[in-house]
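The numbers here are math on the coordinates, done by the rules we state, and not lab data. What you see is a predicted model, and the numbers here were worked out from it, not measured in a lab. A quick note on method: Cβ atoms are made from the backbone with ideal geometry, for glycine too, and the neighbour counts reach across all protein chains shown.
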Amino acid sequence: MIVSVHQPQYLSWLGYFDKINRADIFVLLDNVQFKKNEWQNRNRIKTANGLQWLTVPVMYKYPQVMNEVEINNRDKWQHRQRQAIISNYKKAPYWSLLEEFFEEIFSSKWQYISQLNIHAVKRLSGILGVETPIYIASELGKFSEDPDDRLIALTKYFDGDTYLAGSGGRVYMDMAKYAQNGIKVIFQEYEHPVYNQLFGDFELFMSVVDLLFNHGRESLKILGGEE
């Protein structure tokens, strides 16, 4: 049983959903400290004028954890992002595939960034065809504040024997702890595919919505390296 854990991100990139797909159980870690100016409240799309950030404004006060961080809905972020999506993807081959999803994102009132991101991760996983069960850490109980101890406990919670980490985990994970607990660690070595995009030369590390708009139901095979 392979377990993987990651913070819920906003409209995340291909590798994020590949990680979910490679796990047997995926846990969204919504109760750790929010990281400002990273990927928890923003991501990028490709436009005719280059890359564009889609940012959800938040009212963050250090050291709030992610599920405490409220969205600043006085800002008209939904209107701006709706216009950006329409302007740049309306003519994409698979526009209709995400039309309902973005209507949910831009028409609903989201109070917390974790609430928005959890919805987006689950819905995009379903649209991609990912079948991995997704759980919310804050709904599972209390776990250690130590990062490694927390991941070990979450893996054991699901009777997992293997933890799937991002490649960056080699730098900060205490591998001896996992071995002592009988948990094998494997690392995701993601090779970014090249696929058909709108607007000229290929750009790496876009939101997964860029792939979905351009390749529809074939997107999971492409992001998984099968094509």
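Side notes on the structure shown:
- Amide H to amide H distances under 5 Å link Arg44 with Leu54, Ser207, where only residues 5 or more positions off or on other chains count and H is placed in the peptide plane.
- Distance between modelled label sites at Asp159 and Ile86, nm, 7 Å Cα→Cβ extension: 5.1 nm
- Taking every DSSP beta bridge that has both ends in the chain, the antiparallel portion is near 40%.
- Point-to-point label distance, Glu99-Gln111, nm (Cα→Cβ direction, 7 Å offset): 3.3 nm
- Remark: the Glu218-Lys122 segment gains 32.7 nm on full extension, using 0.36 nm per residue and subtracting the alpha carbon distance.
- Calculated FRET value between Phe202 and Thr55, using beta carbons and R₀ = 30 Å, to 0.05: 0.80
- Extending 7 Å from Cα along the Cβ direction at Ala48 and again at Asp146 yields two label points whose distance is 5.6 nm.
- Segment 71-227, relative contact order in percent, only Cα pairs under 8 angstrom and at least six apart counted: 27 percent
- Using just its DSSP H runs of length 4 or more, each adding -39500 (n - 2.57), the chain gives a mean residue ellipticity at 222 nm of -10000 deg cm²/dmol after division by all residues.
- Helix 113-128 and the longest principal axis of the C-alpha atoms of the chain enclose an angle of approximately 80°.
- Among the lysines of segment 1-119, pairs that are 8 or more positions apart or on different chains and have alpha carbons within less than 19 Å of each other number 5.
- Shown here: percent of Cα pairs over 27 Å apart, derived from the displayed model; of the candidates (i) 26; (ii) 39; (iii) 34, it corresponds to (iii).
- Each Lys and Arg contributes +1 and each Asp and Glu -1, all at the Cβ; summed about the Cα centre of segment 2-223, the dipole is approximately 640 debye.
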